[in-house]
1. Need the C-alpha centroid separation for the stretch 351-369 versus the stretch 84-138, integer Å.
2. Among rounded, prolate and oblate, which fits the stretch 430-512 when a ≥ b ≥ c are the square roots of the eigenvalues of its C-alpha gyration tensor, a/c under 1.5 means rounded, and a/b larger than b/c means prolate?
3. Place the peptides 376-387, 104-115 in order of packing, highest mean first, counting for every residue the other Cβ atoms within 10 Å and averaging per peptide.
4. Hand me the trypsin sites (Lys or Arg not before Pro) from the stretch 35-82 located in a DSSP loop with no more than 15 other Cβ atoms within 10 Å, in residue order please.
5. Summing Lys, Arg as +1 and Asp, Glu as -1, what charge do residues with Cβ under 11 Å from the Cβ of MET516 carry, MET516 excluded?
6. What is the order of CYS699, CYS820, fewest Cβ neighbours within 10 Å to most?
7. Classify the stretch 678-741 as rounded, prolate or oblate, taking a ≥ b ≥ c as the square roots of the eigenvalues of its Cα gyration tensor: rounded when a/c is under 1.5, otherwise prolate if a/b is larger than b/c and oblate if not.
8. Tell me, in nm to one decimal, what length is gained between VAL850 and GLN82 on full extension, where the rule is 0.36 nm per residue of separation less the Cα-Cα distance?
Amino acid sequence: MASVETAAEHERILREIESTDTNCIGPTLRSVYDGQEHGLFMEKLDARIRNHDREIEKMCNHHFQGFVDSITELLKVRGEAQKLKNQVTETNRRLQDDGKDLMSSMEELKQCRVQQRNIATTIDKLTHCLPVLEMYSRLQEQMKAKRYYPALCTLEQLEQTCLPRAGQYRFCSIMAENIPKLRIQIRDTAMAQLRDFLESIRKHSDKIGETAIRQAQLQRSLDSSVSPQPRALIGRRSRREAAAGTESDGQGGSPSSEQDSGILDVDEEEEEEVPGAQDLVDFSPVYRCLHIYTVLGLRDVFENYYRKQRRKQARLVLQPHSNMHETLEGYRRYFNQIVGFFVVEDHVLHTTQGLVNRAYVEELWELALSKIIAALRTHSSYCDDPDLVLDLKNLIVLFADTLQGYGFPVSQLFDMLLEMREQYGEILLKRWNITFRQVLDQDNYSPIPVSTEDEFRHYTSQFPLQDPELEKLPFPKKLPFSEFVPKVYCQLKEFIYACLKYSEDLHLSSTEVDDMIRKSTNLLLTRTLSHCLQYGIKKKNVGLAELVQVIINTTHLEQSCHFLEEFISNITNIPPDTVNATKLYGTSTFKDARHAAEAEIYTSLNAKIDQFLQLADYDWMAAVQGGGALTASDYLIDLIAFLKSTFSVFTNLPNCVDTVTVEKRIRVYPNQKPWMTREVKQLLKDRNTAFKTGDRALCSTACTNLKRGIRKAKMDFRRRIDEHLDSNNSRQAWMAVQHLTNYKPGIRAAEGDAEMAEELNLFFARFQTEPPGAATLPPVAGRCPALTVGVHEVRRMLRGVNPRKATGPDGVSGRVLKDCADQRTGIFTRIFNLSLTQSAVPSCLKTSTVIPIPKNPTPTSLNDYQPVALTPVVMKCFKKLVRSHITTFITPNSDPYQFAYKSNRSTEDAVNTALHTALSHLEK
């Protein structure tokens, strides 16, 4: 057993020696000699060595045979090398024999080269003449084909390159003499084609504009289904391709099209998209003439001629027809011509290099814009159909969007549309005035009988009736109001929809749309509907029953006003409790109508009773018949019967709210904070009550609720200030900050007696040389037409008065003029027109109150006071109306480099223009 283990151990040591590096076998051998069986290990080692020797011998025997085979192969290679040497030697001999034949061939080639040189000399002489003839032949073909720009390029190449090389030949002299004549012919022909082109686009500008507007309309309709792209790219498709074609023309090529001029025929049914101006118009005559005049060195002459002709065409296009206002087609044709004109100019601007520049196009557009607005104001004033005004507004919006897509500013057009909104509102009021009167005339002034559920739902869908007791009653039953109520309510909603239609596509915010609709609705309620109600009340043959029904109708209409508020809020997405939101005046309108009906009832009753008393014929000496009791007179019995029948009609009247209104006194403290709302005051009162009870838990809860309420009120107040700032209502925000900081303005007027006032008056008027008084000036004869102001202009000016401005010496405040603008418009319009006709201003409007304001806290002289003149607000409105007329007349004729007294111009514009001009000259 020990020997087996020893043998296994020796075997392991041998494997370790074989697999371990020789530098590391020391420990292994030492373990062998430490034992007692090292002799046996040596035998094992010798046996292992003999085994390896046998393996080595086998390996050597195997590789020796390969060595012998390699020597055999080497001997074979030596034999093949000797054969190759013999072949090379034979090839060298044959090559030397062939070289002798090659030398003889080289001699023959030398002779051929001499002959070739002679032929080349002859060809060179011919090449100087043949290109001239070929070039001239090509020139004749191009002239026959009317390809004048390539012909001009060929002519230039012939004169500059070919003729100088040909030398002094007779045919070259003849060609040189004909070159100037050919240039003149080409120039005249190109100019004739340009004239035809200008005449063609003048005749077809309507079609071009119609196509551009239809393209813009198509783009607007596809905005929701295609990927968005900048609006400035509308109508400019293939502009880069056209510009690239122009550049290739400038490099010597011919224009893309060689037609003479005019409009290309496009089949609209075969085209999937609306073609642009570049697809309808062949601009090759312009490009050709531009290139030709550029090559001839007459580019400036061509540019001046083109711009002059286009200005003349612009004046013709901008002149509207006298009957344009009669139909929408007249406006559409007018807009199409203008759009066509500017689409062509925009395309020429972007596809030609300098034929027209941006300043030239902007100047034309400013002129066109002023004339367009003046024409629209004149012709739209004749329109009295709201549908036509609405269609005209949509057409103007489409016209503006189309030109805005080509980069033209159209903000003034939208401003004019906002002005037309007033006219549209007046026309709507006239139409609804007729509608309301028809409803009043057709009304039977009796409650509506309802026999089925469908009829009841029909009327409640037209008018928001909320009467649970009425709904519980069985059918048949009667609605308390007459047919007048649901019809008027539906007409009010129709009016709101009509106002909303006009506000579409005007780029107005929801707040502005909501404000416009509410103001228009207020006008409808306070003016039109109120007058119609007064007309119905004051109408002849209106009995007491009808007047009572009017009171009932107005009561229900008054209750429906908050539903109208919600209706407007729903269609404009503006909550009714928004800050500065205009409230509807329907409640006051229906109250006034109800009060008028009550007054009419009172007057009618008094008159009827007076008639009864006047017709009474009493017999004061009549005896009592049969000794019985006294009996009343027949007239008195009739009077009592009349009153009973009359008062029975009044049983249907609703309870009047005014009779149960409770007056309440509100106490305001000087240090009261703006966030002290009613809820906070109630919480404060609850806290004081809890404190008086002595209950600690209740007092703690009340204090916690008060803190939360104050925190919430402060957050609400802060949110309101943020809303003021976000809506650019700086006045409300500043008032809130002043209230928080208890800020008091320190401006004060001068103090003194009448003598001090007289001294200041003389001091302030020391530079006045003319005596005061009303001076009448004769009317000035000139190009400026007579100035008259319209009713809508005066109304718009009065409505825009700032009510916070100080009043003048007349004492008429801005608040009165603003709130009573509709009632005072006609009066002031007549006064203003009379003043303009007589060229005289009333003295009461020219006077002003001068308030001396100290320049420093302690003034010591009269020069330390600053005079502030307070003129009448009416005179300020009059000045603005006259100024707008003068500005409209002067602006088109003013110097383009004038920056003073012009809108949207400042000293910065003047400095930038001067710097731009100087730098432009320095860069040349």
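1. 67 Å
2. Judged from the Cα gyration tensor, the stretch 430-512 comes out oblate (a/c at least 1.5, b/c at or above a/b).
3. So the peptides 376-387, 104-115, ranked by packing, come out 376-387, 104-115.
4. Answer by residue number: there is no such site.
5. Details: positive: ARG421, ARG518, LYS519; negative: GLU422, GLU512, ASP514, ASP515.
Within the 11 Å Cβ shell, the charges total -1.
6. The most exposed by this proxy come first: CYS820, CYS699.
7. Details: a/c = 4.72, a/b = 3.29, b/c = 1.44.
Prolate, because a/c is 1.5 or more and a/b exceeds b/c.
8. The VAL850-GLN82 span can extend by a further 263.0 nm.
Values quoted throughout were computed directly from the atomic coordinates according to the rules given, and no laboratory measurement underlies them. Keep in mind it's a predicted model, so treat the numbers as computed, not measured. Heads up, the Cβs are rebuilt from the backbone with ideal geometry, glycines too, and the neighbour counts pull from every protein chain shown.
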